[in-house]
Amino acid sequence: MDEIPKSHPRYHSLIIRKKLVDAFRQGIVVPEGLIAHGRGEALDYILGEKTLEPAYNAIEAASALLLTSENPVISVNGNTAALVPRELVELSKITNAKLEVNLFHRTLEREIKIGDLLKSYGADEVLGIGSDASETIPGLESKRRFVSRRGIYSADTVLLALEDGDRTEQLVKMGKNVIAIDLNPFSRTARAAKITIVDNVTRAMPLLIEYCKKLSSRHPSELEEIIRRFDNETNLKMMVKAIRDRLSALSFLEVV
Ligand code: PTJ
């Protein structure tokens with residue numbers, strides 16, 4: 001593929017596309033993942049491709065929750081492995097969270113490739129591969145239902161990104177704290193999660209790392225207060241308002 005010139009006005013966006021297409025060619029991302037990215041890209045365009053205030057609040061609460069959880073797990077799919085492999089591993093180390101591969105379009109070959117990719121970035125262990133995913137999430141029919149006993153099955157907190165709503169809802173029914181990263185504030189995942197970060201995973205993950213580092217010296221009671229103060233529904237409403245304001249600001253395009 002041709003080099004993307006740094007001077008291109010949409011350089012960052014093109015780099016993200018390239019990462020996904022390369023990972024698709026390597027068998028890490030599925031074609032459906034490229035379509036899902038297109039939806040995300042459109043939403044991100046409306047956000048102005050930047051992290052908005054409500055997302056910062058959600059990132060702070062999510063960091064506090066990860067730091068106070070006993071068995072946090074970071075769920076990894078094809079798109080997140082392609083976009084933020086280094087950050088997934090770094091966040092898992094800072095928060096003592098396990099990494100688990102959990103795919104909608106599940107094949108053993110992809111699980112192994114994603115596991116190997118994370119290990120190449122320094123992960124010591126990657127759960128959910130092959131027979132390790134021996135437990136089942138009740139009430140779920142997709143192949144996402146197969147999870148690791150030591151991982152998502154017994155987790156108190158699960159961080160996931162680019163997810164379909166079904167599994168989020170079932171994880172919540174299992175009593176888990178779900179932290180979702182999803183550019184779509186209207187999705188079932190966004191509404192079902194305890195904390196939803198409406199932001200691009202490529203911006204949200206480095207910020208989560210930064211906030212976890214910053215908050216790690218705080219007393220647990222302070223972290224619990226941050227979590228207690230956060231209300232997902234209110235935060236999503238603030239996000240929708242921010243989107244509405246952005247669209248109004250763009251209304252100079254209106255044809256009268
Ligand atoms: O790798 P697999 O087999 O597990 O499959 C992964 C995909 C992404 C194909 C699967 O989870 C899927 O179909 O997801 P959905 O239902 O299309 O949901 C993806 C959600 O993520 C949508 O709400 C998108 O707006 C959002 N999204 C897309 N790109 C990003 C994003 N959110 C945050 N950051 C992004 N870069």
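The values are calculated or read from the model by the stated rules, or taken from the named source; none is laboratory data. Here the structure is a predicted model, which means the values were calculated and not measured. Cβ: placed from backbone, ideal geometry, glycine included. Neighbour counts: every protein chain shown. We work out accessible area using only protein heavy atoms, side chains counted, and drop any ligands, DNA or RNA first. Shrake-Rupley method; radii C 1.70, N 1.55, O 1.52, S 1.80 Å.
Before moving on, here are some points about what is shown:
- Every condition in (1) within 25 Å of Val198 (Cα to Cα); (2) open to solvent by less than 80 Å² (accessible area, probe 1.4 Å); (3) part of a loop (DSSP other than H, G, I, E, B); (4) not basic (Lys, Arg) holds for Pro5 except the one numbered (1).
- In this structure, Val101 does not satisfy being touching a residue at least 40 places away in the same chain (Cβ under 8 Å), within 16 Å of the chain's Cα centre (by Cα) and within 13 Å of the ligand (Cβ to nearest atom).
- Any hit, segment 224-241, residues being open to solvent by 30 Å² or more (accessible area, probe 1.4 Å) and either aromatic (Phe, Trp, Tyr) or within 13 Å of the chain's Cα centre (by Cα) (or both): yes
- Test: residue in segment 11-18 that is under 20 Å from Ala190 (Cβ atoms), assigned to a helix (DSSP H, G or I), open to solvent by 50 Å² or more (accessible area, probe 1.4 Å) and touching a residue at least 24 places away in the same chain (Cβ under 8 Å): no
- Considering Ile59, Ile28, Ile74, Ile112, the condition of being away from the ligand (no atom under 11 Å from the Cβ), open to solvent by less than 20 Å² (accessible area, probe 1.4 Å) and either under 30 Å from Thr136 (Cβ atoms) or of a type in the set (Phe, Trp, Tyr) (or both) is satisfied by Ile74 alone.
- Exclusive hit being part of a helix (DSSP H, G or I), of a type in the set (S, T, N, Q) and over 17 Å from the mean Cα position of the chain (by Cα), set Ser131, Ser92: Ser131
- Some residue of segment 106-118 being farther than 22 Å from Leu207 by Cα, part of a loop (DSSP other than H, G, I, E, B) and free of Cβ contacts under 8 Å to residues at least 60 places away in the same chain: yes
- Pick from segment 135-162, criterion acidic (Asp, Glu) and either in contact with a helix residue (DSSP H, G or I) (Cβ under 7 Å, 6 or more places away or on another chain) or under 26 Å from Thr68 (Cα atoms) (or both), ranking: surrounded by the most Cβ atoms within 10 Å (Cβ to Cβ): Glu135
- Annotation note: of Thr168, Thr196, the sole residue that is within 16 Å of Ser75 (Cα to Cα), modelled with pLDDT of 95 or more and of a type in the set (S, T, N, Q) is Thr196.
- Checked against (1) surrounded by fewer than 24 Cβ atoms within 10 Å (Cβ to Cβ); (2) more than 8 Å from the ligand (Cβ to nearest atom); (3) more than 19 Å from Glu87 (Cα to Cα), Gly165 meets all criteria but (2).
- Residue count for segment 208-223, restricted to those that are open to solvent by 80 Å² or more (accessible area, probe 1.4 Å) and either more than 27 Å from Leu66 (Cα to Cα) or among the polar types (S, T, N, Q) (or both): 1
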